[in-house]
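Engineer: My questions all concern the structure below.
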Amino acid sequence: MSTNRYIKDVSCQWPLRPIGLIEIIGGSYIAIKPEVTYKKLISNLLQRNFAVHSWRYIPNFDHQMQANHAWKQFRLSRNILEKRVGFIKKSIRLGHSLGCKLHLLAPDGGRNCNGLVAISFNNFKADKSIPMLKKMSTRLNFQTEFSPSPSETLNLIKEHYEQINNLLIRFKNDNLDENDLLLKSLMERDSDKSKIMQLDGNHLTPVSLGLSGKLLISNFQSSLKCKSIDLIVDQIT
């Protein structure tokens, strides 16, 4: 049994006596209503007695600004939760796709958590992420790129990200995953303890399916998705 409320843009789902806290940032446009799009993942975490805070957002070009907003709202939500249940000892940040990047750009450099789980880290350039952007920018003669850019992001991670406990999760059939590049940047830092694991699935494996989606996949595929989500939760908890 858990309660669900919004604190600003953070969906907060709280068991009666949580043993820890998971802070989730999902992928582009998937995270508009994260308590629905990541329902299976969140449900499994709640069953393990973790409180879950998931940030809803629509992506824009200023990823640093969005990372700052998410961090501030997570901090507010955590303070309110701790006033209710006491100090939360274990705090894990979990990102999926673009959500990994936003967690990595948090202004505290990851200091105020126990670790990060980066699922299918994605750090593409803007014209690769937005199909029509390259044609439009060429036709209208303007340059558009995310801030920070992909190369700037990896440099910021090497120079300013301080969390040494990072679990990177990639899927066998995911051509959007860039966790190898992330791991390389993380391991260039002193005392790094980051590790990577591979699971069956694809870029959308962590995402819950609505009724229409369930009709399009076999029971076998659905079972693999659930199994992969269970394995992710095992690793987190």
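Engineer: At a 1.4 Å probe radius, carbon and sulfur cover how many percent of the accessible area of the chain?
Structural biologist: In the chain, the share of accessible area belonging to carbon and sulfur is 53 percent.
Engineer: Report Rg (one decimal) and Dmax (nearest whole number) for the chain, counting Cα atoms only, units Å.
Structural biologist: 17.5, 57
Engineer: Under the rule of at least 5 residues apart or a separate chain, name every residue whose amide H is placed under 5 Å from the amide H of residue 110.
Structural biologist: 162
Engineer: Another question about this same structure. Among residues other than residue 108 whose Cβ falls under 14 Å from its Cβ, what is the net charge (Lys/Arg +1, Asp/Glu -1)?
Structural biologist: Net of charged neighbours comes to +3.
Engineer: Residue by residue through the range 7-16, which ³J(HN,Hα) values in whole Hz follow from phi under the Karplus form 6.51 cos²θ - 1.76 cosθ + 1.60 (θ = phi - 60°), with glycine and proline marked x?
Structural biologist: Taking θ as phi minus 60°, the curve returns 10, 6, 9, 9, 7, 10, 10, 10, x, 5 Hz for the range 7-16.
Engineer: Using modelled backbone amide H atoms (1.01 Å from N, in-plane), which distant-in-sequence or interchain residues come within less than 5 Å of residue 115's amide H?
Structural biologist: Under 5 Å from the amide H of residue 115 lie the amide H atoms of 93, each far enough along the sequence or on another chain.
Engineer: Taking amide H positions as placed 1.01 Å from N in the peptide plane, with prolines and chain starts having none, which residues 5 or more places from residue 27, or on another chain, fall under 5 Å of its amide H?
Structural biologist: The answer is 96, 99.
Engineer: Next question, about the same structure. Counting heavy atoms of the protein chains only and a 1.4 Å probe, report the per residue accessible area for the chain as a whole number of Å².
Structural biologist: About 52 Å² of surface per residue is accessible.
Engineer: Output wanted: per-residue J couplings in Hz (rounded whole) for the range 164-178, from phi through Karplus 6.51 cos²θ - 1.76 cosθ + 1.60, θ = phi - 60°, x for Gly and Pro.
Structural biologist: Here the 3J(HN,Hα) series is 9, 9, 9, 10, 9, 10, 10, 10, 4, 10, 10, 8, 9, 6, 10 Hz.
Engineer: What is the magnitude of the charge dipole of the chain about its Cα centre, with +1 placed on the Cβ of each Lys and Arg, -1 on the Cβ of each Asp and Glu, and no other charges, expressed in debye to the nearest 20?
Structural biologist: Rounded to the nearest 20 debye, it is 740 debye.
Engineer: Moving on. Can you give the extra length, in nm with one decimal, that the chain gains between residue 88 and residue 43 once fully stretched, where that is 0.36 nm per residue apart less the Cα-Cα distance?
Structural biologist: Roughly 14.3 nm would be gained on extension.
Engineer: Each label point is 7 Å from the Cα along the Cα-to-Cβ direction; what then is the distance between the points at residue 16 and residue 75, in nm?
Structural biologist: Here the modelled spin labels are 3.3 nm apart.
Engineer: Follow-up question, since we're still on this one. Any of 195/225; 172/195; 90/227; 172/227; 158/193 with alpha carbons more than 20 Å apart? Name them for me.
Structural biologist: Exceeds cut-off: 195/225; 90/227.
Engineer: Can you run phi through the Karplus equation (6.51, -1.76, 1.60; θ = phi - 60°) for the range 38-48 and list ³J(HN,Hα) in whole Hz, with x for Gly and Pro?
Structural biologist: In residue order, the calculated couplings are 10, 4, 5, 4, 5, 4, 5, 5, 5, 5, 8 Hz.
Engineer: For a quick size check, give me the Cα extents of the range 1-125 along its three principal axes, largest first, whole Å.
Structural biologist: Result, largest extent first: 42, 28, 23 Å.
The values are calculated or read from the model by the stated rules, or taken from the named source; none is laboratory data. It should be emphasised that the depicted structure is a prediction, and the values quoted were computed from it without experimental measurement. No Cβ is skipped: glycine too gets one built from the backbone with ideal geometry, and neighbour counts run over all protein chains shown. Remember, those area values only see protein heavy atoms, side chains included, never the ligands or the DNA or RNA. Shrake-Rupley method; radii C 1.70, N 1.55, O 1.52, S 1.80 Å.
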